[in-house]
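The values are calculated or read from the model by the stated rules, or taken from the named source; none is laboratory data. From a predicted model like this one, the values you see are computed outputs, not experimental measurements. A quick note on method: Cβ atoms are made from the backbone with ideal geometry, for glycine too, and the neighbour counts reach across all protein chains shown. Note: accessible area is taken over every heavy atom of the protein model, side chains too, but ligands, DNA and RNA are not part of it. Shrake-Rupley method; radii C 1.70, N 1.55, O 1.52, S 1.80 Å.
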Amino acid sequence: MTANRRRRRRIRPPSNPSTRMLLVLRGTVLCTVFTLLIKADAFAFRPTDGYNMMRRRSFLTWDVLSGAVLLIATLGSSPPAHAAEEPPECRNGAIVAESQVPGAYQQICMELPTRTIPIQSTGDALTISQGTGTGGTGSVQGRTGVAVWNSSLLLTRLLDAISAQEIKQPMLRQGSSFLKGKTVMELGCGTGLASLAAAKLGASRVIATDGNSEVVQLTKFNIDKNNLVDNVEAAELKWGLLNAADFFDEADIII
């Protein structure tokens, strides 16, 4: 049942009107090209016996079926997640004003299933899944760590900017890079955005911690999604003396 549902979602036409129109236009062009090819074949070839006639029919049938398959694949294909899921105001890791809700703050980008965050200094991009889309709740009430907050975006931009300055002005390093080769620990990692950015920017080991087990699972999912399992780990860490002692002397940098 799950597989069938996934299959239906993949071939569902995109909801964006301009994207749907573009796909329909592409499909129409493909059909037109195949129709012209079929007609050209029919005029250029005059069968002289039954065998040649049967072979020509099989060729024409194959051309028609191939064109139909390509048209269906074109119309059913989904646009990139960036275009399909993120509205313009949320793209490229944009900062969007937050409004107060009971027990938290919220904004439109938190309701998206995923966000794509660029890392300017490396040219990479991180795909961050948010837990607010799970079950269609779209809420951060009581579970604030499952969404990308503006503070996380700002921290990521800061780390990115420091790395960019080091690339432009190597003398600023004063013998060592801020992140490269370092062990970084993040407290209250949420979706894991800043931790993943630190890994992309050269940290050799990153420990992403949060006190909420649901959030830790989401962070692990994002680590795997961005192929950073080799140098990023997620762990539950409550801000107390005994629990924090487990990580004593673990990190060079704490964010």
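Annotations
- Taking residues in segment 202-223 that are free of Cβ contacts under 8 Å to residues at least 40 places away in the same chain, and partners anywhere that are open to solvent by 30 Å² or more (accessible area, probe 1.4 Å) and β-branched (Val, Ile, Thr), the pairs with Cβ atoms closer than 9 Å and at least 6 places apart or on different chains are GLY202/THR122; LYS220/VAL229; ILE223/VAL229.
- From the options ALA251, ALA234, residue that is small (Gly, Ala, Ser), touching a residue at least 40 places away in the same chain (Cβ under 8 Å) and part of a loop (DSSP other than H, G, I, E, B): ALA251
- In the set (1) among the β-branched types (Val, Ile, Thr); (2) buried (at least 18 other Cβ atoms within 10 Å of the Cβ); (3) in contact with a Leu (Cβ under 8 Å, 6 or more places away or on another chain), the condition left unmet by THR219 is number (3).
- Scanning segment 89-128 for residues that are closer than 14 Å to LEU196 by Cα, β-branched (Val, Ile, Thr) and open to solvent by 30 Å² or more (accessible area, probe 1.4 Å) gives THR116, THR122, THR127.
- A count restricted to segment 190-214 and to residues that are closer than 15 Å to THR122 by Cα, assigned to a helix (DSSP H, G or I) and open to solvent by less than 30 Å² (accessible area, probe 1.4 Å) stands at 5.
- So LEU158, is it part of a helix (DSSP H, G or I), modelled with pLDDT of 85 or more, open to solvent by 30 Å² or more (accessible area, probe 1.4 Å) and not polar (S, T, N, Q): yes
- Members of segment 107-126 that are assigned to a strand (DSSP E or B) and without any contact (Cβ under 8 Å) to a residue 40 or more places away in the chain: THR114, ARG115, THR116, PRO118, ALA125
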